[in-house]
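See structure below.
The values are calculated or read from the model by the stated rules, or taken from the named source; none is laboratory data. All values derive from a computational prediction rather than experimental measurement. Positions of Cβ are generated from backbone atoms using ideal geometry, with glycine treated the same way; all protein chains shown enter the neighbour counts. When the accessible area is computed, the model is the full protein with side chains, heavy atoms only, and any ligands, DNA or RNA have been set aside. Shrake-Rupley method; radii C 1.70, N 1.55, O 1.52, S 1.80 Å.
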Amino acid sequence: MIKLTAIIPTKNEIHNIEAVIATLNFVDEILVIDSYSTDGTFEKAQTMATVVIQRKFTSYSDQKNYAISQAKHEWILLVDADERVTPELKTEIKSILNLEKIPHTAYRIKRQNHFMGQRVNYSGWRNDSVIRFFKRDYCKYNNKHVHESLIVNGSVGSMKGKFLHYTYRSFNLYMEKMNRYANLQAIDYNDHTGTLTPYHFVIKPFWGFFKHYIIQSGFRDGLVGFTIGYVQAYVVFMRYVKLWLLRKGRK
């Protein structure tokens with residue numbers, strides 16, 4: 001079987017690190033790249049992972065690209081700390097690595113999302129998927145600060161197995177995360193966004209809510225779906241507020 005490196009980026013993930021590593025007991029190398037955690041994540045990872053690197057965080061894409069360059073094996077499985085590899089996904093990955101010739105350069109993996117203690121079946125998260133299983137030398141993340149995507153020099157297949165994704169720990173922490181994302185998005189949007197108008201501050205946030213809650217059937221997820229739609233609208237609004245502040249040189 002072709003050997004596999006699993007990469008886990010971390011920053012204060014002590015509540016997740018043991019559980020995510022436990023689902024990676026089939027890989028040949030576990031590489032944790034830690035952005036100077038202060039909650040014991042680094043120390044715990046040292047007792048469980050094959051390699052643990054501490055590196056200053058500049059952007060998600062930069063951190064992941066560096067980790068990929070440090071991987072020992074040609075095939076990579078990149079797993080966020082709040083994700084879990086299901087037994088079905090594990091079996092599928094192993095079967096692909098056992099093939100005489102792997103048909104694709106990278107593979108897209110669906111995620112089953114959980115939010116506010118509930119499985120989310122709609123709200124725009126139903127078909128959530130990410131390219132995370134790939135051949136090292138043919139793939140690289142783009143230079144976005146947030147919501148980075150993998151650029152693949154080759155074909156992309158799809159997996160049937162899924163990640164379980166537990167993005168939510170508490171509402172306050174989730175909103176802190178969304179505010180960080182808004183900050184980073186403001187930087188990404190600065191170069192290709194024209195003059196800011198009421199369209200950015202009113203129409204786009206409203207559309208964010210309408211899309212998630214109505215078009216993507218968030219109402220079928222109850223209060224959780226309403227909250228997801230509301231938070232999406234808030235993040236869009238804050239993205240442009242922070243872009244306005246950025247352009248004014250204010251905080």
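Across region 73-80, rounded Karplus estimates of 3J(HN,Hα) from the backbone phi angles (6.51 cos²θ - 1.76 cosθ + 1.60, θ = phi - 60°) give 10, 5, 9, 10, 10, 9, 10, 6 Hz, Gly and Pro being marked x.
Just the C-alpha atoms of region 177-226: what Rg/Rh do they give, with Rh taken as the Kirkwood radius? Over the Cα atoms of region 177-226, Rg/Rh equals 1.08.
What region 171-248 shows is 56 Å² of accessible area per residue, with the surface traced by a 1.4 Å probe over protein heavy atoms.
Expressed as a whole percent, the accessible area of the chain that falls on carbon and sulfur atoms is 51 (1.4 Å probe).
Dipole orientation for the chain: of the candidates Asn65, Val27, Val235, Val235 has the Cα lying most toward the positive pole (charges on Cβ; Lys, Arg +1; Asp, Glu -1).
Counting only protein heavy atoms and a 1.4 Å probe, region 4-166 has 47 square angstrom of accessible area per residue.
Reachable lysines from Lys242, Cα under 27 Å, same-chain residues fewer than 8 places away excluded? Within the straight-line cut-off, Lys242 pairs with Lys11, Lys56, Lys64, Lys144, Lys177, Lys204, Lys211, Lys251.
Remark: the Asp28-Asn127 segment gains 32.7 nm on full extension, using 0.36 nm per residue and subtracting the alpha carbon distance. When you filter the GluC sites (Glu not before Pro) in region 1-102 for DSSP loop state and at most 15 other Cβ atoms inside 10 Å of their Cβ, you are left with Glu74, Glu100. When peptides 137-145, 218-226 are ranked by their average number of other Cβ atoms within 10 Å per residue, the highest-first order is 218-226, 137-145. Once backbone amide H atoms are built at 1.01 Å from N, Ile151 has Lys140, Tyr141, Asn142 as its partners under 5 Å, excluding neighbours fewer than 5 places away on the same chain. If you take the Cα centroid of region 159-216 and the Cα centroid of region 82-107, the two points sit 30 Å apart.
Run the paramagnetic zone check for Asp137: 7 angstrom along Cα to Cβ, then residues of region 64-81 with backbone nitrogen under 18 Å. Residues passing the 18 Å test: 66-77. Set the Cα radius of gyration of the chain against 2.2 N^0.38 Å, with N its number of residues, and you get 1.05.
Computed from label points 7 Å out along Cα-Cβ, the spacing between Lys204 and Gln54 is 3.8 nm. For region 60-133, the spread of Cα coordinates along the three principal axes comes to 39, 30, 18 Å, biggest extent given first. Near Phe115, the amide H atoms lying under 5 Å from its own belong to Val120; only residues 5 or more places off or on other chains count, and H is placed 1.01 Å from N. Note on Arg180 and Ile2: with the Förster distance fixed at 41 Å, the Cβ-Cβ geometry gives a FRET efficiency of about 0.65. When the Gaussian network model of the chain links Cα atoms closer than 10 Å, the mean-square fluctuations of Lys135, Lys162, Lys44 top out at Lys44.
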